[in-house]
Amino acid sequence: MENEILIQNSEQLKDKIYLIRGVQVMLDSDLAEIYGYSTKAFNQQVKNNIEKFDEDFMFQLTKEEYDSILRSSFLTLEQGKYSKYLPYVFTEQGVYMLMTVLKGELATRQSKTLVRLFKQMKDYVVENQQVVSQRDFLRLSLQTADNAQNLVALRQKLNEIDDMVEDVVSSLGEMVRKSELSPIMLNLGKPEIPPGWLILNGQPVESDLAYQQIYGLANRTIYIVDNYISLKTLVLFKNAKQNVAVTVFSDNVNNGLHKVEFDDFCKEYPGLKIDVRQAGGIFHDRYIILDYNTPDEKIYHCGSSSKDGGRKVTTITLTEDTSVYRSLVAELLKNKSLVFKK
């Protein structure tokens, strides 16, 4: 389609996504163009549904932000565009909310493309973390984890709407046809595994949210056995309960986690107690052990590393008999601290 966004490389991702106030955002004018609206008509649609767009979904730029961050060569050529007002920008959550506001075939198609765009942007940042500063990458990783949880919450709400729509379709018969409804809404709840999701105990779950849910079950300790770790491994712990001690057992294959990243994360979250120890070179699989040697003990067998969750189809399964692992964990706890390579 002529208006379809074609994302071919990382440079194109930068064209329409900006980092402002520590979050990824898109300009109202860019979104209007993508959805086939004038900027004025686009903003009017948003205004008509303003109760859906909280400040973490949409905000107006200050003059300083516009002047210092957004005056790229493209915008300079069109600097008269914002002569009367400062532009609004939409966060990732705001873009998802637009799906419930903008109607029509083009809006549906472009909404799907934008979801993929943000996914590609996240993958680009993770795969190229050395290109950006450690602190900027940390902020982006934390925002990504928050966005994942917000997106799943939004999808759950839309599923409720989908159920109501199905009831209306059944009641009204020929008056409302399914073909007239947004395919995005009608596709919600289907059993296919969307990109970025994994299978947790037989059910598809958004990858980052799956790990957050598991870690949130721990009351005392979280042990991770994983030879391939990165900064994202640490970021996923931030929603664990306070005073839960985290120990990562890893041989840090390929030097995935650097000392500067670990130290920077610990400074950013001093309330999180994270100990990293050697795994001893005897583990092939990955495990999550919650509340070891207590009545609440749980052990999960993981198909892939948490840093790669959602990239390929993977499964996390709760182990029914944890006793067979206890001697292994007891030996792990005797291992020395991991020395990071600089």
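The values are calculated or read from the model by the stated rules, or taken from the named source; none is laboratory data. The structure presented is a predicted model; accordingly, all values stated were derived computationally and were not measured. Counting neighbours? That spans all protein chains shown, and the Cβs are built from the backbone with ideal geometry, glycine included.
Limited to region 219-238, what total is found for residues that are in contact with a strand residue (DSSP E or B) (Cβ under 9 Å, 6 or more places away or on another chain), part of a loop (DSSP other than H, G, I, E, B) and not charged (D, E, K, R)?
First pass over region 219-238, keeping only residues in contact with a strand residue (DSSP E or B) (Cβ under 9 Å, 6 or more places away or on another chain): 219-229, 233-234, 237.
Next, from what is left, pick out any that are part of a loop (DSSP other than H, G, I, E, B): 219-220, 226-229.
If we keep only those that are not charged (D, E, K, R) as well, we get 219, 227-229.
Adding up the residues that qualify gives 4.
Identify the single condition in (1) assigned by TED's automatic domain parsing to the domain that holds residue 233; (2) in contact (Cβ under 8 Å) with a residue 24 or more places away in the chain; (3) surrounded by 15 or more Cβ atoms within 10 Å (Cβ to Cβ) that residue 296 does not satisfy, given that it satisfies every other one.
Against the list (1) assigned by TED's automatic domain parsing to the domain that holds residue 233; (2) in contact (Cβ under 8 Å) with a residue 24 or more places away in the chain; (3) surrounded by 15 or more Cβ atoms within 10 Å (Cβ to Cβ), residue 296 comes up short only on (3).
Hey, does region 298-309 have a residue that's under 31 Å from the mean Cα position of the chain (by Cα) and among the aromatic types (Phe, Trp, Tyr)? It would help to see each step written out before you state the result.
Pass one, region 298-309, residues under 31 Å from the mean Cα position of the chain (by Cα): 298-309.
From what is left, the residues that are among the aromatic types (Phe, Trp, Tyr) are 300.
For region 298-309, residues under 31 Å from the mean Cα position of the chain (by Cα) and among the aromatic types (Phe, Trp, Tyr): present.
Which residue pairs have Cβ atoms closer than 9 Å, lie 6 or more positions apart in sequence or on different chains, and pair a first residue in region 303-324 that is assigned by TED's automatic domain parsing to the domain that holds residue 233 with a second residue that is assigned to a loop (DSSP other than H, G, I, E, B) and of a type in the set (A, V, I, L, M)?
Taking only residues 6 or more apart or on different chains, the pairs are 303/313; 305/229; 306/229; 307/229; 307/257; 313/193.
Can you tell me how many residues within region 81-98 are modelled with pLDDT under 75 and part of a loop (DSSP other than H, G, I, E, B)? Give the derivation first.
Narrowing region 81-98 to residues modelled with pLDDT under 75: 81-84.
Narrowing further to those that are part of a loop (DSSP other than H, G, I, E, B): 83-84.
Looking only at that region, the number is 2.
Taking the criterion of being touching a His at 6+ places or on another chain (Cβ under 7 Å) and touching a residue at least 24 places away in the same chain (Cβ under 8 Å), would at least one residue in region 266-284 satisfy it?
Within region 266-284 (the criterion being touching a His at 6+ places or on another chain (Cβ under 7 Å) and touching a residue at least 24 places away in the same chain (Cβ under 8 Å)), the answer is no, since none of the residues qualifies.
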